[in-house]
Amino acid sequence: MKNDIPDRLRRFAVAVIKMSRKLDNSAEYKIIKNQLIKAATSAGANYEESQGAASTPDFINKVKISLKEMRESNYWLELLSQTIPHAERPAELDELIDESEQLKRILGSICSKFSDNKNKKS
């Protein structure tokens, strides 16, 4: 079975970047956009690093960082959802929130699976 997680993470980061271009350039949105883009792109970059991990603990650590960054992405997206007037919300915002929730669950499941396997071997 093909691992589509790297592709989903990349598509997520690209979609976040494109959506952020539609947001107002006020001071507060500049900060949120910067933080959101950093977290969204870092999630994919860390998962990509996990694929070349030197050991299982290294792999788990990189996936945990990816999960942490996805949680942060979700936070910023939810913050946007609560602060942008409904009439001005980019159409894709709700889709990005949903995708970040799904990616959090997937990455969390990977962390749990490998952590459980590590504990069974101990």
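The numbers here are math on the coordinates, done by the rules we state, and not lab data. What you see is a predicted model; the values in this text were computed from it and never measured. As a convention, Cβ positions derive from the backbone with ideal geometry for all residues, glycine included, and neighbour counts pool all protein chains shown.
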So the FRET efficiency between ILE31 and SER112, C-beta based with R0 = 35 Å and rounded to 0.05, is 0.60
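What does the extension gain come out to for ASN61 and ALA15, with contour length at 0.36 nm per residue minus their alpha carbon separation?
Numbers: separation 46, 0.36 × 46 = 16.56 nm, distance 2.57 nm.
Extra length available between ASN61 and ALA15 comes to 14.0 nm.
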The range 5-121, relative contact order in percent, only Cα pairs under 8 angstrom and at least six apart counted: 28 percent
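Please arrange SER115, SER66, SER42, SER100 by how many other C-beta atoms lie within 10 Å of their C-beta, fewest to most.
On the way: SER115 15, SER66 27, SER42 19, SER100 24.
Final ranking by Cβ density, sparse to dense: SER115, SER42, SER100, SER66.
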